[in-house]
C-alpha cells in the first residue's frame, strides 16, 4: 500500500506544470507598462497642480501691489514697485522687486517672482500696469498682468 501511495505522488509531481520563463516575462512586462502609465499620469497631475499654485501666488502678489498702489494714490517715476512694507522701490538703478514664494523681498531661494509697475502713458493717463514674472519650476517663464486706473 505504501509503495502504491509513493507511486501516485510521483505521478502527480511529474504531471504538474509550472510557469515558464516566457509567461513570467510577459507578466512582468504587463505590470511594468501599467506602472509606467500610472507614474506618467501622476507626474502630469503634479505638474498641473504646481503650475496652478505658482499662478495663484503670482496673482495674489499682483493684487497686493495693486492694493498698495491704490492706497498710495499711484507711484512716481522712477519707482517700479512696492516692497512688503509698502515703501516704493527706486527703479532708477535698474532695481526691481523680487519676492520669494513666501512673498518676502528675498530671492535667495530657487524660485522668485519679479514685480514691475509701469505707467505706459505718462503723464496724461493714470493707468498703471503691474507685471509679475517668474520662471516656472517646470521650465519656461510665465507672467501675470493687471492694469489699474487710479481715480
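Derivation of every value follows stated rules applied to the coordinates shown; laboratory data play no part. On a predicted model such as this, the values are computed, not experimentally measured, just so you know. Cβ atoms come from the backbone with ideal geometry, glycine included; neighbour counts cover every protein chain shown.
Can you give me the distance in nm between label points at residue 43 and residue 72, each placed 7 Å from the Cα along the Cα-to-Cβ direction?
A separation of 4.4 nm, rounded to one decimal place.
Could you sort the peptides 79-89, 45-55, 131-141, 26-36 by per-residue average Cβ neighbour count (10 Å cutoff), highest mean leading?
Sorting 79-89, 45-55, 131-141, 26-36 by mean packing, highest first, produces 79-89, 131-141, 45-55, 26-36.
For the pair residue 138/residue 28, report the inter-label distance in nm, with labels modelled 7 Å from Cα in the Cβ direction.
Placing both labels 7 Å along Cα→Cβ, they lie 3.4 nm apart.
What ranking do 99, 39 get, fewest neighbouring Cβ atoms within 10 angstrom at the top?
39, 99
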